[in-house]
Amino acid sequence: MVIMGFCRWILIAGFLFAFSVANAAEGCAIGSQLYTLETTPAIGVSIAADLKVYQQPGNSCYNGVASTAKACFVCTGGGVVTVVVGATPLLYVVTCGNRYFLDLGYLATRGTYYSSYALNCDLDDYTLPLAAVACTMGLLAIRKRKFA
């Protein structure tokens, strides 16, 4: 009984994970790479509402519609936003830094803003883990019937 309850929770967690991955979100594309983790300003002050700055690459298999509602930049070398200069999405200049002591910063890379996207990855990459989980659950079910 304990094993079946555990398997039920594993299935629920799996479905929740699958739905959270499939949900639409924001991101900044540079080439075929989509950056989804926003960086923070160095002094904790909120930057402009029409500007998003990202720092770590996410997925390269995404599908979405580009938007010009906001400007997006990527701190490709890591760090945080140190300086933002500009008044409109077309005129922003963003520098990133604070990676080490006395870091003077570097220019952030401008990307294409995606107001919503969905991951569109091939499931072939997940065939082996899914087969292993199915096999394990089958063995647990057979074992339970054998000893019941």
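The values are calculated or read from the model by the stated rules, or taken from the named source; none is laboratory data. Owing to the predicted nature of the structure, the values given are computational and were not obtained by experimental measurement. Cβ: placed from backbone, ideal geometry, glycine included. Neighbour counts: every protein chain shown.
A few remarks follow.
- Residues in the range 39-94 that are part of a loop (DSSP other than H, G, I, E, B), of a type in the set (Ser, Thr, Tyr) and surrounded by 16 or more Cβ atoms within 10 Å (Cβ to Cβ): 39, 76, 92.
Residues checked against (1) out of contact with any strand residue (DSSP E or B) (no Cβ under 6 Å at 6 or more places or on another chain); (2) modelled with pLDDT of 80 or more; (3) over 20 Å from residue 112 (Cα atoms):
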{"residue": "2", "(1), (2), (3)": "yes, no, yes"}
{"residue": "20", "(1), (2), (3)": "yes, no, yes"}
{"residue": "39", "(1), (2), (3)": "no, yes, no"}
{"residue": "62", "(1), (2), (3)": "no, no, no"}
{"residue": "70", "(1), (2), (3)": "no, yes, no"}
{"residue": "73", "(1), (2), (3)": "no, yes, no"}
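- Leading residue by the ranking (modelled with the lowest pLDDT) among those in the range 95-129 that are among the β-branched types (Val, Ile, Thr) and either in contact with a Pro (Cβ under 9 Å, 6 or more places away or on another chain) or not in a helix (DSSP H, G or I) (or both): 95
- The set of residues in the range 75-108 being β-branched (Val, Ile, Thr) and over 25 Å from residue 118 (Cβ atoms) consists of 80, 81, 82, 83, 84, 85, 88, 93, 94, 95.
- Candidate set from the range 46-56 (those that are under 19 Å from residue 98 (Cα atoms) and of a type outside the set (D, E, K, R)); member that is modelled with the lowest pLDDT: 46
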